[in-house]
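The values are calculated or read from the model by the stated rules, or taken from the named source; none is laboratory data. What you see is a predicted model; the values in this text were computed from it and never measured. Note: ideal-geometry Cβ built from the backbone for every residue, glycine included; neighbour counts use all protein chains shown.
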Amino acid sequence: MAKQLIAVMGATGTQGGGVIEELLARQQFGVRVLTRNPESDKAKALQAKGCEVVQADFTKPETLEPAFKNAYGAFVVTNFWDPGTMASETAQGTLAVKAAKAAGVQHLVWSTLPNCKEISKGKYEVIHFTGKALVDAEVKAASFPYYTFVEAPMYFQNFLGMMAPQPMEDGGKGWTMPMNPAAKVLHIGDPVEMGKLAARVFEHPTTVGTGKYLAQASELSSWQEMIDTLNVQGHHFQFKQVPNEVFDAFPFPGAAELREMMNYFEDYTYFGPEADHMLALARELYPEGFTPFAIWAKAQMAT
């Protein structure tokens, strides 16, 4: 018998790529790659590994429903920072959910984040969190036979990209942030390992496919703890806290969005008030745990 198919959106990205890697390794399901560009090198490499590759482009909504056709399950994730998509994450996610439902998907796994606006009673919006969270209602209303919400952590990989250490005034390197470095409020992890959790979710629909929320993270940390870990490994990084208005004036796109996010973290933590419950459900399903920051950093941030 042919294996049931899991359609993976964001397949050439971090979370989606991790889901595909784990599904291929576990061999419980067939894998369908949903990508904007089926002719890309990444898409062709996945095809060579045995994945089916189809086009799914938010700017061409007519491609979405056919992309989900005959798939048992679907992992759906959107990317706030992707310049190639035209609509908001709420609009993208809603399109994907409706297309998956129309195509007959039985188990939808939606990668969401906390509704910061609701949690903070309007104090913070944090669009790249809340924009995802607003899709949750669409998922619930769609009445899939099984549906699950997963939440990814603050990416370790941020230290290699948008939050890489920058030159400091004294000639060293480090981070200038509108945040108390000692605040232990950051749920951190490697989002590639979302695949380990998502694969288990698809394998246990009756356990967690009833609208459960699961959070993937390696640990709860502070900026200072992460910097101390890196410095023990041979780095010489620093941290400087600055007022909100100073950070907002920094000349890079998204400064105000990142500042609001940091403020939200300090008040509510990354995953918000339901963090412990969501993390506990993930541990029950994946008791092996996820890679600690120290191990990841030693491999990925060599001195």
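Any residue in segment 177-189 that is among the charged types (D, E, K, R) and not in a loop (DSSP other than H, G, I, E, B)? No, that holds for no residue. Hey, any hits in segment 166-184 for a residue that's small (Gly, Ala, Ser), surrounded by 19 or more Cβ atoms within 10 Å (Cβ to Cβ) and either closer than 22 Å to Asp248 by Cα or in contact (Cβ under 8 Å) with a residue 12 or more places away in the chain (or both)? Within segment 166-184, one or more residues are small (Gly, Ala, Ser), surrounded by 19 or more Cβ atoms within 10 Å (Cβ to Cβ) and either closer than 22 Å to Asp248 by Cα or in contact (Cβ under 8 Å) with a residue 12 or more places away in the chain (or both). Residue count for segment 225-279, restricted to those that are under 21 Å from Pro167 (Cα atoms) and in a helix (DSSP H, G or I): 18.
Could we say that Met262 is more than 24 Å from Cys116 (Cβ to Cβ) and in contact (Cβ under 8 Å) with a residue 24 or more places away in the chain here? So Met262 does not fit the description; no.
So that you can scan it fast, the table gives a plain yes or no per residue for (1) of a type in the set (S, T, N, Q); (2) crowded, with 23+ Cβ neighbours inside 10 Å:
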| site | (1), (2) |
| --- | --- |
| Gln4 | yes, no |
| Gly13 | no, no |
| Gly17 | no, no |
| Lys44 | no, no |
| Ala48 | no, no |
| Asp57 | no, no |
| Phe68 | no, yes |
| Ala74 | no, yes |
| Asn79 | yes, no |
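Within the bounds of segment 197-205, is there any residue that is in a loop (DSSP other than H, G, I, E, B), surrounded by fewer than 17 Cβ atoms within 10 Å (Cβ to Cβ), at pLDDT below 95 and not charged (D, E, K, R)? Within segment 197-205, none of the residues are in a loop (DSSP other than H, G, I, E, B), surrounded by fewer than 17 Cβ atoms within 10 Å (Cβ to Cβ), at pLDDT below 95 and not charged (D, E, K, R). Report yes if some residue within segment 97-109 is out of contact with any Pro (no Cβ under 9 Å at 6 or more places or on another chain) and within 18 Å of Glu193 (Cβ to Cβ); otherwise report no. Yes, segment 97-109 contains at least one residue that is out of contact with any Pro (no Cβ under 9 Å at 6 or more places or on another chain) and within 18 Å of Glu193 (Cβ to Cβ).
The lone criterion from (1) touching a helix residue (DSSP H, G or I) at 6+ places or on another chain (Cβ under 6 Å); (2) more than 26 Å from Thr291 (Cα to Cα) left unmet by Arg200 is number (2).
Condition check: of a type in the set (S, T, N, Q) and over 28 Å from Tyr268 (Cβ atoms). Does Ser40 satisfy that? Taking the combined requirement at face value, the residue satisfies it. Please verify whether Thr303 is surrounded by fewer than 16 Cβ atoms within 10 Å (Cβ to Cβ) and β-branched (Val, Ile, Thr), treating the condition exactly as stated. Yes: the conditions hold for Thr303. Among the residues of segment 169-195, those identified as under 18 Å from Leu258 (Cβ atoms) and not polar (S, T, N, Q) are Gly174, Trp175, Met177, Pro178, Met179, Pro181, Ala183, Val185, Leu186, His187, Ile188, Pro191.
If you go through segment 102-151 and keep only what is among the β-branched types (Val, Ile, Thr) and surrounded by fewer than 17 Cβ atoms within 10 Å (Cβ to Cβ), you end up with nothing.
Go through the residues of segment 274-293 one by one and say whether even a single one is surrounded by fewer than 19 Cβ atoms within 10 Å (Cβ to Cβ) and among the hydroxyl-bearing types (Ser, Thr, Tyr). Yes. No other residue among Leu113, Leu108 is modelled with pLDDT of 95 or more, closer than 24 Å to Phe144 by Cα and in contact with an Asp or Glu (Cβ under 9 Å, 6 or more places away or on another chain) apart from Leu113.
Contact map, segment 143-160: first residue over 23 Å from Met262 (Cα atoms), second residue in a loop (DSSP other than H, G, I, E, B), Cβ cut-off under 8 Å, separation 6 or more or different chains; pairs are Phe144/Val105; Phe144/Gln106; Pro145/Gln106; Pro145/Gly209; Tyr146/Gln106; Tyr146/Gly209; Tyr147/Gly209; Thr148/Gly209.
Please tell me if Leu64 is touching a Leu at 6+ places or on another chain (Cβ under 8 Å), buried (at least 19 other Cβ atoms within 10 Å of the Cβ) and more than 23 Å from Met261 (Cα to Cα). For Leu64, the condition - touching a Leu at 6+ places or on another chain (Cβ under 8 Å), buried (at least 19 other Cβ atoms within 10 Å of the Cβ) and more than 23 Å from Met261 (Cα to Cα) - is met.
In contact with a helix residue (DSSP H, G or I) (Cβ under 9 Å, 6 or more places away or on another chain), part of a helix (DSSP H, G or I) and touching a residue at least 24 places away in the same chain (Cβ under 8 Å) - does that describe any residue in segment 208-222? There is at least one residue in segment 208-222 that is in contact with a helix residue (DSSP H, G or I) (Cβ under 9 Å, 6 or more places away or on another chain), part of a helix (DSSP H, G or I) and touching a residue at least 24 places away in the same chain (Cβ under 8 Å).
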